[in-house]
Amino acid sequence: MYELLFATNNAHKVQEIQPLLPPDIKVLSLKDAGIDVEIEEPYETLEENAVEKASVIHALTGKNCFSEDTGLEVEALNGAPGVRSARYAGEKATHAENIDLLLTNLEGNSHRAARFRTVIALQWNETMHLFEGICPGTIISEKQGEKGFGYDPIFIPDGADKTFGEMSAVEKAQFSHRAKALEKLIYFLTHS
Ligand code: IMP
């Protein structure tokens, strides 16, 4: 059994990721590890932000760790909200406010294609590795479902007939961007 530090303060992400890992890898969140820092996401790409988070925590702890950054990229909005997904409606915006703004910006637009994209940055023995996961889908016009977080209630992944907000964590993992990126991370960890 070994522990891998996950540079996040987002409990939802830890809950989604832990069950997907092999039983001998235990994920520690920053809170679990007793680290109380708010990590900035200052850059314009998911890749740079993910690397920043893993680097900051590695510099603080000296430990191998990974981070992830995710964005919802909507075709009709030229890829917005993208890297700004968490603060689309403002710096301290709630998930509900972000969803409302997105739906307003898409009102009357029948082109609803979008994708979630996750980038995981793994700081592993002094080298940084990146893993990407993409989930294509559609933005619906009203929220459906209360599960998950973020934009889950308005996103139906391709191949499904309901939103992420209506899925259990296990169902979501069959489609999700985060699960796909994680699969690549696990392959790396179990083959290196
Ligand atoms: P972060 O910067 O990676 O923490 O995520 C940015 C924002 O993207 C979050 O605040 C959520 O609004 C949204 N987000 C990230 N992952 C998901 C997901 O799996 N489902 C729905 N929304 C998500």
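Annotations
- Within segment 1-29, if we keep just the residues that are over 20 Å from ALA173 (Cα atoms) and touching a helix residue (DSSP H, G or I) at 6+ places or on another chain (Cβ under 7 Å), the residue that is surrounded by the fewest Cβ atoms within 10 Å (Cβ to Cβ) turns out to be LEU5.
- Condition broken by THR138, with the remaining ones in (1) within 15 Å of the ligand (Cβ to nearest atom); (2) surrounded by fewer than 18 Cβ atoms within 10 Å (Cβ to Cβ); (3) more than 16 Å from PRO81 (Cα to Cα); (4) hydroxyl-bearing (Ser, Thr, Tyr) satisfied: (3)
- Cβ-Cβ under 9 Å pairs, at least 6 apart or on other chains, segment 87-111 side at positive phi, far side within 15 Å of the ligand (Cβ to nearest atom): GLY90/GLU97; GLY90/ASN98; GLY90/LEU101
- In segment 147-159 there is at least one residue matching the filter, namely being part of a strand (DSSP E or B) and under 16 Å from GLY71 (Cβ atoms).
- Only listed residue being touching an Asp or Glu at 6+ places or on another chain (Cβ under 8 Å), touching a residue at least 12 places away in the same chain (Cβ under 8 Å) and among the basic types (Lys, Arg), chosen from ARG115, ARG84: ARG115
- Filter pass, ASP152 being in contact with a Pro (Cβ under 6 Å, 6 or more places away or on another chain) and at pLDDT 95 or above: no
The values are calculated or read from the model by the stated rules, or taken from the named source; none is laboratory data. Quantities reported herein were computed from a predicted structural model and do not represent experimental measurements. For neighbour counting, all protein chains shown are included, and Cβ atoms are generated from backbone atoms with ideal geometry for every residue, glycine included.
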